[in-house]
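Chemist: Sharing a structure here in C-alpha cells format.
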Amino acid sequence: MLSLKYLLVSLADAYSMVIFVYVLMSWLPVNRGILADIYNVLGKVCDPYLNLFKKLIPPLGGMVDVTPIVALLVLQLATRVVIGLL
C-alpha cells in the first residue's frame with residue numbers, strides 16, 4: 001500500500017512539474033525548432049487538464065491567466081485527499 005501512495009504522489013509531482021515547465025515555456029518566443037516541438041508536446045499533455053479550469057476562470061484583467069495556479073492547487077489537493085483515503 002505504501003508503494004501505491006508513493007507512486008501516486010510521484011505521478012502528481014511529475015505532472016505538476018510538466019505543467020510548470022509548460023507555463024514557463026509559454027513566456028518564451030518559440031516559433032521553430034526543438035523548443036517549439038517540446039512546447040507542442042507539453043501542450044498536448046497539459047492543455048486537456050488546464051482547459052477544464054479555463055472554462056471556469058476568466059483571465060484577470062484580460063491578460064493574466066491564473067488557471068495553471070488553480071490547476072496545480074487542485075491537483076495537489078486531490079492527490080492528498082486520495083492518499084488520505086488509501
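The values are calculated or read from the model by the stated rules, or taken from the named source; none is laboratory data. Note that the structure is predicted; figures quoted are calculated from it, not measured. Virtual Cβ from ideal backbone geometry, glycine too; neighbours counted across all protein chains shown. The protein model used for the area step is the full one, side chains on, heavy atoms only, and it has no ligands, DNA or RNA in it. Shrake-Rupley method; radii C 1.70, N 1.55, O 1.52, S 1.80 Å.
Chemist: Let me know the shape class of the chain, please: from the alpha-carbon gyration tensor, a ≥ b ≥ c as square roots of the eigenvalues, rounded when a/c is under 1.5, otherwise prolate if a/b is greater than b/c, or oblate. Could you put the intermediate results ahead of the total?
Modeler: Working: a/c = 3.14, a/b = 1.51, b/c = 2.08.
In terms of gyration-tensor shape, oblate.
Chemist: Which whole DSSP H helices in the chain pass both tests: a Cα extent of 24 Å or more along the axis and a mean Kyte-Doolittle value no lower than 1.0? Please list the in-between numbers first.
Modeler: Working: long enough: 2-25 (34 Å, 1.69); 34-54 (28 Å, 0.63); 67-85 (27 Å, 1.95).
Within the chain the helices that satisfy the rule are 2-25, 67-85.
Chemist: Using a 1.4 Å probe on the protein chains only, how many percent of the accessible area of the chain belongs to carbon and sulfur? Don't skip to the answer; put the middle values down first.
Modeler: Values: 4620 of 6220 Å².
The value for the chain is 74 percent carbon and sulfur by accessible area.
Chemist: Next question, about the same structure. Dipole size in debye (nearest 20) for the chain around its Cα centre, Lys and Arg Cβ +1, Asp and Glu Cβ -1?
Modeler: On the way: 6 positive and 4 negative charges, 26 e Å.
Approximately 120 debye in magnitude.
Chemist: Further question: For the chain, what relative contact order do you get, as a whole percent, if you take Cα pairs closer than 8 Å and at least 6 residues apart? Write down the numbers at each step before the final one.
Modeler: Working: 41 pairs, mean separation 33.5, N = 86.
Relative contact order, the chain: 39 percent.
Chemist: Related question: Projected onto the charge dipole of segment 3-86 (+1 at Lys/Arg Cβ, -1 at Asp/Glu Cβ, origin at the Cα centre), which of Tyr39, Met63, Leu73 gives the Cα projection farthest towards the positive end?
Modeler: In segment 3-86, that residue is Leu73.
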